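The structure under discussion appears below in the form of structure tokens.
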Amino acid sequence: MKLIRMPIRMPQIHRGGRRRLSTRILAGQLCLLALTGVIGFVLFAVAQRAELDRAYEQRALAIAQTTAADPQIQQAMEYGTGGDVVQTVAERIRKASGASYVVVIDLHGIRHSHPMKSLIGKPVDEPRVVLDGRPEVGIDQGATGRSANGRAPLYGPTGTLVGEVSAGLPERDALGELWRELPTFGLYAGIATAIGSVGAYLLARRLKRSTFGLELEEIAGLLQDREAMLHGIREGVLAFDPEGRITVVNDEARRLVGLGTALGSRLEEVLPDGRLRRALDGALAGPDVMVLTDDHCLVVNRMPVILHGRELGAVVTVRDRTEMVGLMRELDSVRGLTNALRAQQHEFTNRMHTVAGLLDIGEHDSAYEFAVESAGAGQALTESVRRRIGSPLMVGLVVAKSTVAAERGVRIVLSDDSALGEDPPHLQRLLTVVGNLLDNAIDAAVDGPAPAGGREVQLTLAEEPRQTTVRVADTGPGIPPYAAESVFEDGWSTRPDRGTARRGLGLALVHRLVQQCGGTTTVSEGPGAVFTVVLPPPDAGSEPRDALFSPALPVGGDR
């Protein structure tokens, strides 16, 4: 299929003082990065502060445990000896470890050591927490300020619990370490923000290219214009992406093609296999592909779209030509009848001249006999058809087709076993089926070689209780080999278009009409085609509805 490059000109919309789309995207992403960076920095600082508190609590506990393990303190606390030994050892450990305090407390809650000597010998305010022999950690607000506290049980030389040791590290040490680490954290956050900013800039540029340079207001305006245009026109419009998924479908396309919720689906998911689907997906190449559905005669055009060297998919337009095709068929029918009447007028004039000549030479008896014979020929044909067919509409159709066929050198013969009542089932369908099959048979007989008995079309109409059978046989060249299946597809024809009538619709119309009522259509291959249509008993409301199915509008031969 030839690719059609569609130049697309973007509308020039006044931007006013608005910033460009890429600038707005970049600014928005930078603000988002900055906000997330600040939030992340704060959360990281809080988490690091909690981690430092836990680390300092463990350090304080280690100092307390070291103090509780000192032999001098253990002996002095259990036996009450040593004087200021407890204060001296505790202060030495405090100064060596950098703790804010190391307090030794007996089981009565009395302090035996403290950085503030005035508190030695006085009870502590908080309850003792290591009486169960397990160490404890936490944050303590003591006399020396807020500290990370660790408490360890104190046992004497005999293993008896004699008190506890409470050690604390000042909170300012943890805060100082946190402040020393924050610049490093800030540097990492800055690097992450810079990398994110570069990514945001590249993303903004890519989005700008993806929107073909359009700004947000322009995209919104184009979307509104597209929706108004798509759903306001009287043609069906479908668009497909490069993967074949439906991306656009307007209301008219849903009505003509019979699509429901089709957006995002592939054609094979929403339409059965057939000529319509092959026309929409591009399997049927060429402009103005004619497709006959149950209710419409459609013209389908598919155009692949390429923009800036990129294949964007395809756009399909679907036009309803039901009324136009009906009018063209009616015009072609009137033209055919006009030619037949002109030929009959010419023949009638010849006969009148013959009668006048006989009268001029005095052959009155011969002139009378010739006039009676000429007048009775048409009446004899009508009476012959009426003896087997009771429906006046079918009689008129067969007689009219016989007259037209006679002018083209073809004789229509109604078989002796034909029998049709005055009101046969499926009358409207029968008129359309018989009219189209006779048109095809007449064209085929004219195209074929003239046999010894002359060109002939044989028609059989048989009405039975369980079915109605129509059989049309001609002396034409017949159906080509292996074409029995495709002969009923719309658009199939071995002959070029004639006049205003589009060929390839007659047999497709017959096939669809028969399928709608559950009947069958068969055709024989080889010279002298034989079309057989079998219609079951009708259901209520099964008559054709559309003007395209009018029985008075012949389509013309498809072969």
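Taking all protein chains together and a 1.4 Å probe, the residues 136, 218, 181, 422 rank 422, 136, 181, 218 from largest to smallest accessible area.
Estimated at 0.36 nm per residue, the fully extended path between residue 84 and residue 195 surpasses their Cα-Cα distance by 33.7 nm. Taking every protein chain into account, the accessible area of the range 49-203 amounts to 52 square angstrom per residue (probe 1.4 Å).
Estimate the FRET efficiency between residue 345 and residue 251 by the formula 1/(1 + (r/R0)^6), using the beta-carbon distance for r and 41 Å for R0, to the nearest 0.05.
Values: r = 51 Å, r/R0 = 1.25.
Efficiency at R0 = 41 Å is approximately 0.20.
Extension gain for residue 122 to residue 294 (0.36 nm times residue separation, less C-alpha to C-alpha distance): 51.3 nm. Length available on full extension from residue 34 to residue 285: 0.36 nm per residue minus the Cα-Cα distance, which gives 84.8 nm. The spacing between the range 44-73 and the range 424-473, judged by their C-alpha centroids, is 108 Å. Each of residue 220 and residue 203 was given a label point 7 Å from its Cα along the Cα-to-Cβ line. The distance between the two points is 2.2 nm.
If you take all other residues with their beta carbon under 9 Å from the beta carbon of residue 231, and give Lys and Arg +1 and Asp and Glu -1, the sum is -3. A Förster radius of 22 Å combined with the Cβ-Cβ distance from residue 141 to residue 69 puts the calculated FRET efficiency at roughly 0.25. Largest accessible area first, the residues 322, 382, 261, 522 order themselves as 261, 522, 382, 322 under a 1.4 Å probe with ligands, DNA and RNA left out. Partner aspartates and glutamates whose Cα lies under 16 Å from the Cα of residue 117, excluding those fewer than 8 positions away in the same chain, are identified as 84, 91. Spin-label model, residue 415 to residue 354: label points 7 Å out along the Cα-to-beta-carbon direction sit 3.4 nm apart. Of the listed residues 443, 423, 295, the order by accessible area with a 1.4 Å probe, largest first, is 423, 295, 443.
The values are calculated or read from the model by the stated rules, or taken from the named source; none is laboratory data. Since the structure is predicted, the reported quantities are computational estimates derived from the model, not experimental observations. When we count neighbours, we look across all protein chains shown, and the Cβ atoms used for this are built from the backbone with ideal geometry, even at glycine. What goes into the accessible areas is simple: the full protein's heavy atoms, side chains included, and nothing from ligands, DNA or RNA. Shrake-Rupley method; radii C 1.70, N 1.55, O 1.52, S 1.80 Å.
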